């Protein structure tokens, strides 16, 4: 019984992290294809 | 004496000094690298098609539109500086499509509120009201019940009470009858005699150019043509005479 | 600053007097909410305890303050709609009014309107929900301090969302969580005031006072930053 | 590699992966159940780190907001925004894991426990902050308002925290002090979870910052195009 709850919790956290990270990477990839190289220096 | 000193100082620093000014409305560059210098006591008419950036230029000079790039000095104050911009706002007067009036209040209540807010002399309201034909019947009418022309006159009354140093008039003749237009012209002349500088955006070319000492043609958020209607020498004589 | 606040408050109240939006629209809305609460919580249910009190009477303090919060949101929306109608915010900036003064003026005007609402809605709750009244002084203190807190925080947040097309939906999202402590404290203090229950009503009113002071101070400091541009 | 990664993020990313593997191994396999909570103690190895990291993120948002109000730099605005987004995500994790921990432990998913209540309110506050950041406003206006909210939110959090605590305190709410018997291995699992989730948060914040940065750059490019087009109008 306890393990079901544990599973839900872990899946929510690590699944959430992975989903968010993938979304970020995809978005970054799409955006950077539209931004020229010299503007991709992230710190000014 | 004082007058002389004032003139000298003003000669050293123009009233409006813009170079490479970019001003955005949302993400639209309403002003796209505009250069313009206006000296003390000038009456400048802005011309140009709709969307040329005339209104934004006026708002910029009032310290309302953002200065996103370039250098802007108004009355020798820096538009890019928060504190100085506040002082610019205090000294500029604007007449625009927005009349800055509370629909729900009467003409009189509006004038009293704005006069007090602007720290103007409440006594100054009466003559202006009379002069603008807002005196008797209209003063107790709610602003929402006014016609466009009457609204503009009320707005003008507020501005006159402020006694601004820089007058920014956006289509001041629009929606006014002949008497109203004459009154505007009188006011402009009067204001300049008392040391104000006037910037007018107008479609009423004939009327505006009669007033103007200079015409600036705008397009695409920049100045296209800049001409002295009277010529520099005339202008100098005017100054000397006054 | 106080002069500007007075000027703004008087102007806002004049506008309200001329249009009667608060008394004519928001007040009936609040009354309606009170009645709807009555429908949703059956007045017949009684709470088992020393006092036999209906569930509705028991819940009355909380329901009353939720109603007040909803009405306050509308009043705040109205207070800012007035300024954005004809570019008047620009004119206020050009007049060089002290932002802190504008903030205080708005707070004062909304607070006066809200107090009026609360008196009427309070009477309504008293009659509709058949609540007793144990300590009127504590109730009055609660109402005044809670109103100050609600309007101070509310005005600050309404300003943050001003000029946005989604203002009407964003303001509740921003301001209601912030007002959660007010709802809590006001509800409990009111409970103590009407039922004379053992809860420390005065402590809760003190919390309301602290809340009001914090948000008045924050609002006065932050309003200039928010109003700086557009 | 992907466009928003760099040497630094790759190092952070791989160590996060390694620590996550360790945290899962220790948290789910090696460490044993606790006396009272049984196996649900394992949820605490993600729940508590989530909260701690979320608080840290909101701290960064506060710092970023304050610095932004001082120097008005895009950099700090984006730092504040990125940290708030990641922090809110972590707060959601904390609420979810808290609920599924509460069910076997307390018998309910939700208790009107002070910490739980104030966390929920805080979560909604930061959703509001993120909503404000998404508004269509000129950059400088939006950034300034967001910065004000970033600072004020912290004050809210403190006020809400104490008032709720006081509320339950005065009401002598049920006590949930289970007096957990945390042993070395459990403590170590918790530590590993904290490091893993902390590193992941760092990676996420940096990437979120870079996405935000790219959005700004793209916006600048659009603006330059718009300027050229605008200047062409007059000729």
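Label positions at residue D:233 and residue B:174, each projected 7 Å from the Cα along the C-beta direction, are separated by 1.5 nm.
Convex hull volume of the Cα atoms of chain C, normalised per residue: 114 Å³.
Given a Förster distance of 25 Å, report the FRET efficiency between residue B:141 and residue D:136 from their Cβ-Cβ distance, rounded to the nearest 0.05. Don't jump to the answer; show the numbers that get you there.
Values: r = 38 Å, r/R0 = 1.50.
E(calc), rounded to 0.05, equals 0.10.
At an R0 of 51 angstrom, the distance between the Cβ atoms of residue C:29 and residue D:7 translates into a FRET efficiency of 0.30.
For chain D, the longest principal axis of the Cα atoms and the long axis of helix D:139-170 meet at an angle of about 20 degrees. Considering the zone a paramagnetic label at residue C:120 would reach in this model (a point 7 Å from Cα along the Cα-to-Cβ line), which residues of region C:1-33 have amide N under 12 Å from it? Residues C:20-32 fall inside that zone.
With a 10 Å cut-off around each Cβ of D:217-224, the average count of Cβ atoms from other chains is 4. Once Rg and the Kirkwood radius are both taken over the C-alpha atoms of region C:165-230, their ratio Rg/Rh works out to 1.14. Rounded to the nearest 10 degrees, the inclination of helix B:107-117 to the longest alpha-carbon principal axis of chain B is 50 degrees. In this rough spin-label picture, where each label sits 7 Å from Cα along the Cβ direction, the residue B:130-residue D:75 distance is 6.4 nm.
Peptide packing for D:216-226, B:99-109, C:8-18 was compared via the average number of neighbouring C-beta atoms within 10 Å per residue; ordered from the highest value, the list is B:99-109, C:8-18, D:216-226. Shielding of peptide D:49-56 by partners, expressed as the average count of other chain Cβ atoms within 10 Å per residue Cβ, is 1.
Taking 37 °C and 0.692 mPa s as conditions, the protein assembly as shown diffuses translationally at an estimated 111 µm²/s according to Stokes-Einstein applied to its Kirkwood radius (Cα pairs). When the Cα atoms of chain B are aligned to their principal axes, the ranges along those axes come out at 47, 47, 37 Å in descending order.
Most fluctuating residue of C:94, C:138, C:55 in a GNM of chain C with Cα springs under 10 Å: which is it? Largest GNM mean-square fluctuation: C:94. Helix C:167-195 and the long axis of chain C differ in direction by around 40°, with both axes built from C-alpha atoms. Judged by the mean number of other Cβ atoms found within 10 Å, the most tightly packed of the peptides A:28-35, D:157-164 leads the ranking D:157-164, A:28-35. FRET efficiency for the residue B:78 to residue D:66 pair, using the beta carbon distance and R₀ = 41 Å, is estimated at 0.95. For the protein assembly as shown, the antiparallel share of DSSP beta bridges with both residues in that region comes to about 60%.
Let a ≥ b ≥ c be the square roots of the eigenvalues of the Cα gyration tensor of region B:13-106; is it rounded (a/c under 1.5), or, if not, prolate (a/b larger than b/c) or oblate? In terms of gyration-tensor shape, rounded. Counting only other chain Cβ atoms within 10 Å of each residue's Cβ, the peptide C:91-102 averages 6.
FYI, it's all coordinate maths here, none of it is from the lab. Given the structure is predicted, the values throughout are model-derived calculations rather than measurements. Positions of Cβ are generated from backbone atoms using ideal geometry, with glycine treated the same way; all protein chains shown enter the neighbour counts.
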